[in-house]
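Data block below; observations after.
The values are calculated or read from the model by the stated rules, or taken from the named source; none is laboratory data. All values derive from a computational prediction rather than experimental measurement. We place every Cβ from the backbone using ideal geometry, glycine too, and count neighbours over all the protein chains shown.
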Amino acid sequence: MKVKSKLPSVGTTIFTVMSKLATEHRAINLSQGFPNFDCNEALKERVNFYLSNGKNQYVPMAGLPALRDKIADKIALTYQASVDPETEITVTAGATQALFTAIAAFIQKGDEVILIEPAYDSYAPAIEVMGGKVVPYALSGPDFKIDWSDFEQLISARTKMIIINTPHNPIGKTLKKSDIKKLEELTNETDIIVVSDEVYEHLIYDGQVHQSVLLFPELYKRSLVIYSFGKTFHNTGWKVGYCIAPDYLTKEFRKVHQFNVFCVNSFVQYGLADFLSEPSHYLELPNFYQQKRDYFSNSMNGSALKALPSEGTYFQLFDYSAISTETDTDFAKRMTTEFGVASIPLSVFYTEPIQNNCVRLCFAKTEETLSEAAKRLKCLT
């Protein structure tokens, strides 16, 4: 039987390739973005409690009401913004499902979606599956700054959506207040929808304040904002996130959501609702991860790899141009096979690969792991 693929150019992801290579060569895997330490014992206790006490059936499609209430409280505390838990918050099966649903709900054949690249790898395939067209805005190192005058030239009558990501995976940069204000200005009085991927909202460093779209009421009126408990509470395998959007956008989002996953696993939602009662669990995260960033950076002193600033996320880019003229993919593979540390080449996050001579390393690891990785990487010359 002949099958016409909706994603003919998509093969095995670089994350799978590098993780497989890491396993084969017993390398330290700093490629994929997940912690190698466990989540909070108190959170596990609450989830186990509900698992063992009958909370194992469907919850409402939009999410457990108690959890949505706690999310609304969290938004009020963090961003001084008021969102209606009944009509503006939807619990999702991780941020990736939320992103896919946001795209599926609004993108139709021929619609254009502007991506700021390097971009998280799930955006473009979701757009293409819906018949949309990716319009990339490519950032270049080492600063990776948006020139909004150039960006504006990409906006056309066919532009349906703009996707932003702050703090940004993979480059570790954050959008500033001036950036968000400019985006608000560019989309004002248009039909453009903004999807803001803010899964690393609490992983932001050096005293910076996360510039969430929720802080900008006029922009929020046309936006869907995506969050992840997996990134916040060190349990990426649980796959629980949420989408916040005005009621008229949430209505359309839920039309797709209900036929995609319908609802998210019940007992984890109950546990998260209890755990969110203590804000310190997420308010202490900037310091927690900044210590890891700084520990790894200090451990890398003396390496020929040059660290680029990481303002947020649990990733940091390293420039290898003092070591090699190889493509970043070849260099990343050699790092894994010859020096025992797996990374992700930056070029894979672009529609048209751009060589910035950088690889991405994940520092959401124990100090023991980071120390050994740094020891190996300092052998690179």
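If only residues of segment 118-147 that are more than 19 Å from the chain's Cα centre (by Cα) and under 18 Å from Val195 (Cβ atoms) are counted, the one that is surrounded by the most Cβ atoms within 10 Å (Cβ to Cβ) is Gly132. For segment 134-149, enumerate the residues that are of a type outside the set (A, V, I, L, M, F, W, C) and not in a strand (DSSP E or B). Ser140, Gly141, Pro142, Asp143, Lys145, Asp147, Ser149 - these are the residues of segment 134-149 that are of a type outside the set (A, V, I, L, M, F, W, C) and not in a strand (DSSP E or B). If only residues of segment 193-218 that are of a type in the set (A, V, I, L, M, F, W, C) and either surrounded by fewer than 21 Cβ atoms within 10 Å (Cβ to Cβ) or modelled with pLDDT under 95 (or both) are counted, the one that is nearest to Lys181 (Cα to Cα) is Phe216. Determine whether Glu284 is at pLDDT 95 or above and under 30 Å from Leu64 (Cα atoms). In short, yes.
Can we say Val359 is crowded, with 24+ Cβ neighbours inside 10 Å, of a type in the set (A, V, I, L, M, F, W, C), farther than 25 Å from Asn235 by Cβ and at pLDDT 95 or above? So Val359 fits the description; yes. No other residue among Arg360, Arg376 is closer than 15 Å to Leu317 by Cβ and either basic (Lys, Arg) or not assigned by TED's automatic domain parsing to the domain that holds Gln32 (or both) apart from Arg360. Scanning for something out of contact with any Lys or Arg (no Cβ under 6 Å at 6 or more places or on another chain), closer than 29 Å to Gln211 by Cβ and not acidic (Asp, Glu), does segment 372-380 turn up at least one residue? No. Among the residues of this structure, Phe318 counts as one that is within 18 Å of Val359 (Cβ to Cβ), surrounded by 21 or more Cβ atoms within 10 Å (Cβ to Cβ) and among the hydrophobic types (A, V, I, L, M, F, W, C).
So which helices (runs of 4 or more DSSP H) are wholly in segment 247-331 and hold at least 1 residues that are touching a residue at least 60 places away in the same chain (Cβ under 8 Å) and within 16 Å of Gly230 (Cα to Cα)? Lay out the reasoning, then the answer.
Values: elements: 247-260, 266-275, 280-283, 285-299.
Hits in segment 247-331: 266-275, 280-283, 285-299.
A single member of Ala42, Ala76, Ala72, Ala81 is more than 23 Å from the chain's Cα centre (by Cα), among the hydrophobic types (A, V, I, L, M, F, W, C) and modelled with pLDDT of 95 or more, and it is Ala42.
Just so you know, in segment 42-74 the residues that are in a helix (DSSP H, G or I), aliphatic (A, V, I, L, M) and in contact with a strand residue (DSSP E or B) (Cβ under 7 Å, 6 or more places away or on another chain) include one that is farthest from Trp238 (Cα to Cα), and it is Ala72. Only a single item in (1) outside any strand (DSSP E or B); (2) touching a Leu at 6+ places or on another chain (Cβ under 8 Å); (3) not hydroxyl-bearing (Ser, Thr, Tyr) is not met by Pro85, and it is number (2).
Would you call Glu45 of a type in the set (Asp, Glu), exposed (fewer than 14 other Cβ atoms within 10 Å of the Cβ) and assigned by TED's automatic domain parsing to the domain that holds Thr351? When the stated conditions are applied, Glu45 does not pass them. Restricting attention to segment 150-159, does a residue exist that is in a helix (DSSP H, G or I), surrounded by fewer than 19 Cβ atoms within 10 Å (Cβ to Cβ) and of a type in the set (A, V, I, L, M, F, W, C)? Yes, segment 150-159 has at least one match.
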